[in-house]
1. Can you work out which of the residues in the range 81-93 that are touching a helix residue (DSSP H, G or I) at 6+ places or on another chain (Cβ under 7 Å) and not small (Gly, Ala, Ser) is surrounded by the fewest Cβ atoms within 10 Å (Cβ to Cβ)?
2. What is the number of the single condition among (1) closer than 27 Å to Gly181 by Cα; (2) in contact with a helix residue (DSSP H, G or I) (Cβ under 8 Å, 6 or more places away or on another chain) that Val104 does not meet?
3. Given (1) under 33 Å from the mean Cα position of the chain (by Cα); (2) more than 28 Å from Pro198 (Cα to Cα); (3) free of Cβ contacts under 8 Å to residues at least 12 places away in the same chain, identify the lone condition not met by Ala123.
4. If you scan the range 50-66, which residues turn out to be open to solvent by 100 Å² or more (accessible area, probe 1.4 Å) and either in a loop (DSSP other than H, G, I, E, B) or touching a Gly at 6+ places or on another chain (Cβ under 8 Å) (or both)?
5. Return yes when Leu132 is within 13 Å of the chain's Cα centre (by Cα) and buried (at least 16 other Cβ atoms within 10 Å of the Cβ) and no when it is not.
6. Quick check on the range 67-125: of everything there that is under 18 Å from Ser143 (Cβ atoms), in contact with a Leu (Cβ under 7 Å, 6 or more places away or on another chain) and part of a loop (DSSP other than H, G, I, E, B), which residue is modelled with the lowest pLDDT?
7. Restrict the check to the range 22-37 and report whether at least one residue is at pLDDT 60 or above and more than 30 Å from Ala199 (Cβ to Cβ).
8. Hey, could you check the range 139-197 for residues that are more than 26 Å from the chain's Cα centre (by Cα) and hydroxyl-bearing (Ser, Thr, Tyr) and say which is farthest from Arg119 (Cα to Cα)?
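The values are calculated or read from the model by the stated rules, or taken from the named source; none is laboratory data. Given the structure is predicted, the values throughout are model-derived calculations rather than measurements. FYI the Cβ positions are ideal-geometry reconstructions off the backbone, even for glycines, and counts take in every protein chain you see. Note: areas computed on protein heavy atoms with side chains; ligands, DNA, RNA excluded. Shrake-Rupley method; radii C 1.70, N 1.55, O 1.52, S 1.80 Å.
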Amino acid sequence: MRGKRRAPRPKIPWRSPWTPVVCLAGLLSAGAIVVIGNMAKDVVLVVDGEPRAVRSFASSVLELLGDHGVKIGRGDVVRPAAHAEVIDGARIEVRRARPITLTVDGRTTQRVVTATTVRGALAELKIPAGRLSAPRHRHVPLSGMELTVYTKRTVYVFAGGSTRQARTTARTVREVLKQSGIPLQPGYQVRPPAHTFPAEGTVITVLPPRTVPVGLEVMRLNWAALAHCESRGNPKAVNLHGPYYGLYQFSLPMWQLVGGTGMPHAWPAEEQTYRAQLLYQKVAGKWEGQWPNCGAHLFGSSAGQ
């Protein structure tokens with residue numbers, strides 16, 4: 001109908017000149033979020049055996065460690081290497097160095113380990129099991145610790161005329177004897193001395209008390225010459241014709257007469273010489289009955305034992 005006005009058209013917001021800009025910005029933001037989300041990596045970070053899950057945007061292992069407050073020092077072990085790229089799903093392990101003042105069988109050295117327990121430190125240093133100054137489960141602090149180890153050793157104990165083998169972690173010869181049930185009575189002589197460390201293969205000799213003194217004039221005789229004549233100087237010599245034994249070819253009755261125990265040739269040379277000197281004194285210097293073929297060598301010109 002003429003004269004009737006048309007209703008005005010409604011304004012459409014999206015047709016605003018700024019609408020495309022706003023939409024583009026929204027799309028870019030959403031895309032950035034997706035890209036950033038794709039850049040984040042989920043990693044298991046293990047420091048001194050303690051694992052934790054972390055999310056990181058770091059490009060290298062060193063950067064990731066810095067982001068999580070893990071400092072790397074000299075001697076520390078990092079796997080993968082500090083310069084390696086961080087990969088999603090990776091496991092990054094850090095083991096920090098710990099100084100140890102290590103004493104093994106009396107010898108002290110300065111060592112560094114990354115193990116967190118005494119047990120792990122021993123395995124890392126390839127130290128055999130033995131007697132320890134600290135429990136195996138003890139924690140090794142970052143500041144370090146002192147650790148003393150006595151390894152298992154095989155030693156030999158000669159006492160009472162016989163030799164026995166012992167496996168021990170003892171710190172001293174005295175301790176070995178105690179473990180072997182050999183009392184140290186007054187007057188007994190021990191070689192090596194009771195306070196010394198018994199290393200692998202040590203032969204510990206326990207000599208009975210020398211209650212009968214040997215006169216100086218007897219000690220000055222040429223016992224080395226007599227021994228050379230009787231046994232070629234061999235303390236283990238045995239002559240089955242007697243039988244006779246040792247350096248001075250003792251018969252068993254004569255050995256026992258001067259307080260010897262066990263077999264003469266089982267004893268060290270110094271004990272055999274002492275008993276031979278006692279025998280000389282006991283027979284009042286009448287050596288002909290004891291060493292008829294070699295006794296004259298006692299009076300040679302060279303110095304005796």
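1. Checked the range 81-93; the qualifying residue surrounded by the fewest Cβ atoms within 10 Å (Cβ to Cβ) is His83.
2. Status for Val104: all satisfied but (2).
3. Every listed condition holds for Ala123 apart from (2).
4. Across the range 50-66, the qualifying residue is only Phe57.
5. Yes.
6. Ile72
7. No: the range 22-37 contains no residue that is at pLDDT 60 or above and more than 30 Å from Ala199 (Cβ to Cβ).
8. Looking at the filtered set, the residue picked out is Tyr188.
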